[in-house]
């Protein structure tokens, strides 16, 4: 065969080979490019779907919670819902009034400094909660009066009040002299009482994110 | 059967034979000139897929034996090629073959071997390029057919000789021929292109060849024939000292008339076997060959095409051509491989693309479904405000209240009054309560998880026993417990049992007690219901 023709044919073959290699290279690049871009796109969509599903699930959960809390709302008495805050003077006045009613004597109480309760505890978003601990000591003539006094006090305090401790202790039995002294208001009742309770009260302010 | 075109060039002309695997066609051309070039070109162009083999049946071929010391084949090749290159004749076609160097040959062998001295015999073959050969080669270079190489008829006819001997053993029992290692064979042929020729073979290949100056179609060749045979034998005696006439066999491939004339001479010394070209072709199963005037040319070409080639002669152009062809072939198959790879990769890319599109579409559908579901849930979810009477309270505010109520609401329900009232049965017992305490246990005021909190009421005092009798004390205590459990059925009551190892002889008028009455605020059932 003519050498020129062979050379020409060889040139064509080399050209085809180069073209093929280029095409294969481009296709391989496309293959990996498609794959990597697909993975990115797919991951993006998957992440988005997951986010949407999470949000949906949150909304569903919240919706269920809302339904539950709406039912609960009607069961919460107005005293608990009160937004009056913690007013020590009012509390003192109220305790004195009730103490008089049950012949309670020598009543003293301590209120810890109210703190803004962290919203992270009850996850409250729209309202803040004040918290304090109240300790009440008193003397009563007998146990029934003491119990009734404590019960009345607890029922008359707004917000949430949770008894941590309530103790009554009778040191001894009354004797005749005691009766005379009591009538002459010389001694207090010999039943000693002590009440410690936690007090949570709502306040119309922005909730505190965290407490130190 | 192989496909090829064989150009057999001799001093008297050229025979071109086309072998297509089934049929063989041939044409004799005396000389290549401008008149027949065009016609021949057309013939070759028409059959451009057929490779061309050139066989030389020329007079001026020389066969020269040369002995080398024993060495590696690579070194021998280098030395032999150097010797070929330095012989002064640059134009001639040259090559060499290594004569069979049978180390284990038996002692009877008449072929002079240099086994004992460890030497190698090479046969150097040279053929000058006549103008006619040059013209043919130049013509062949311009053809589209692939020019494989140039071959020498005497060298390549060894294949014919071997095949003929092997095949004649089967077909012609009466004249059984065998290739014996100790024998020398003289093949006498007559071609149209080159005339009559003696080719001398040993059992392993060509020894030499000589062109004889008579024609079997003419008269008075008998004397010359025998004279030439004897002179060949004499020449061989110089190479193989122990060669006898009985070890020298003559095989004639000549017209029947010529062989019968030879046989009429009744030479009893010589071992002569006669074949015609026609019956040689029949023995070798080339039945369809058109044999013209019992010339050997076409049969030789046919055997050559279908046999392994013995010795190729080449020149720079042919080598260059062959190298180009080799590279072309490599590129051809490389391109085919590339096309296959391209197809596979294309398919992979297409498939990946389809899969990707499907997966993306599927995931987008999933996203749309999720978005729709989100929108639906959002729509039906209780957002906005909650109306209670004339008050408008946001849902978030309701939830805030709800969470607090859920966590600590139950803790605000005190039951110490209830417990205290339930204890009124104690007036029927002789006892004195000194203290009562009501405690909330397991409660952390700064934690919304109040599930484990419980109220515990503790009564402590003394149980009186007027008689002081221990049995009465036990009875009273047990009665008290029974009554307590009866009156406080939903509470857990813990107490200290009266010790069983007390002194029974002693009087007990009173005994201290402590009752712990507790109740879980969040019953497990309630917690489960809430969770659901």
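Coordinate-derived values only; no laboratory data. It should be emphasised that the depicted structure is a prediction, and the values quoted were computed from it without experimental measurement. Methodologically, a virtual Cβ is constructed for each residue, glycine included, from the backbone with ideal geometry; neighbour enumeration extends over all protein chains shown.
Worth pointing out:
- Helix axis angle, B:316-380 relative to chain B longest principal axis, alpha carbon, degrees: 20 degrees
- Stokes-Einstein translational diffusion, region B:4-314 - Kirkwood Rh over all Cα pairs, 1.306 mPa s, 10 °C, in µm²/s: 77 µm²/s
- Inter-chain neighbour count for A:157-168: the average number of beta-carbon atoms from partner chains within 10 Å of each residue's beta-carbon is 6.
- Counted over chain B with a bin width of 20 Å, the fraction of Cα pairs per bin, in whole percents, is 15, 28, 10, 5, 5, 11, 16, 9, 1.
- What the Cα convex hull of region A:1-75 gives, in volume per residue, is 46 Å³.
- Part-to-part distance (alpha-carbon centres) for region B:48-98 and region B:273-299, which is given in Å: 30 Å
- For region B:1-95, convex hull of alpha carbons as volume per residue, Å³: 161 Å³
- The length gained by stretching the chain between residue B:458 and residue B:35 to full extension, at 0.36 nm per residue less their Cα-Cα distance, is 138.3 nm.
- Neighbouring partner chain Cβ atoms per residue of A:55-66, average, 10 Å criterion: 6
- P(r) tail fraction, region B:235-290 - alpha-carbon pairs more than 19 Å apart, %: 46 percent
- Sequence-separation-based contact order of chain A, relative, with Cα cut under 8 Å and 6+ spacing, percent: 24 percent
- Each 20 Å bin from 0 upward holds the following percent of the Cα-Cα pairs of the protein assembly as shown: 12, 23, 12, 8, 7, 11, 16, 10, 2, 0.
- Using just its DSSP H runs of length 4 or more, each adding -39500 (n - 2.57), chain B gives a mean residue ellipticity at 222 nm of -13000 deg cm²/dmol after division by all residues.
- For region B:413-531, the relative contact order is 31 percent, taking Cα pairs closer than 8 Å that sit 6 or more residues apart in sequence and dividing their mean separation by the residue count.
- Centre separation in Å (Cα based) which lies between region B:407-479 and region B:138-164: 126 Å
- Computed FRET value (nearest 0.05) for residue B:323 with residue B:351, which takes r as the C-beta separation and R₀ as 41 Å: 0.50
- Distance between the C-alpha centres of region A:36-74 and region B:2-40: 89 Å, rounded to the whole angstrom.
- Per residue, the convex hull around the alpha carbon atoms of region A:88-203 comes to 96 Å³.
- Sequence ranges B:33-45, B:208-220, B:154-166, ranked by mean other-Cβ count within 10 angstrom, highest first: B:154-166, B:208-220, B:33-45
- Other protein chain C-beta atoms within 10 Å of residue C-beta, averaged over B:319-332: 3.
- Between residue A:43 and residue B:79, the simple spin-label model (points 7 angstrom out along Cα→Cβ) gives 7.1 nm.
- Mean ellipticity per residue at 222 nm, deg cm²/dmol - from DSSP H runs of n ≥ 4 across chain A, formula -39500 (n - 2.57): -19000 deg cm²/dmol
- Mean separation of Cα contacts under 8 Å (6+ apart) over length of chain B, as relative contact order %: 11 percent
- Protection proxy ranking of B:298-309, B:484-495 - average other beta-carbon atoms within 10 Å, highest first: B:298-309, B:484-495
- DSSP beta bridge pairing in region B:4-314, given as percent antiparallel to the nearest 5: 65 percent
- Rounded to the nearest 10 degrees, the inclination of helix B:131-141 to the longest alpha-carbon principal axis of chain B is 20 degrees.
- Acute angle (nearest 10 degrees) that the helix B:470-487 long axis makes with the longest principal axis of chain B, alpha-carbon atoms: 70 degrees
- Taking B:57, B:390 and counting other C-beta atoms within 10 Å, the order from fewest to most: B:390, B:57
- Note on region B:413-531: Kirkwood radius taken over Cα pairs, Stokes-Einstein applied at 20 °C and 1.002 mPa s, translational D equal to 133 µm² s⁻¹.
- By average C-beta atoms within 10 angstrom, highest first, the peptides A:131-142, B:361-372: A:131-142, B:361-372
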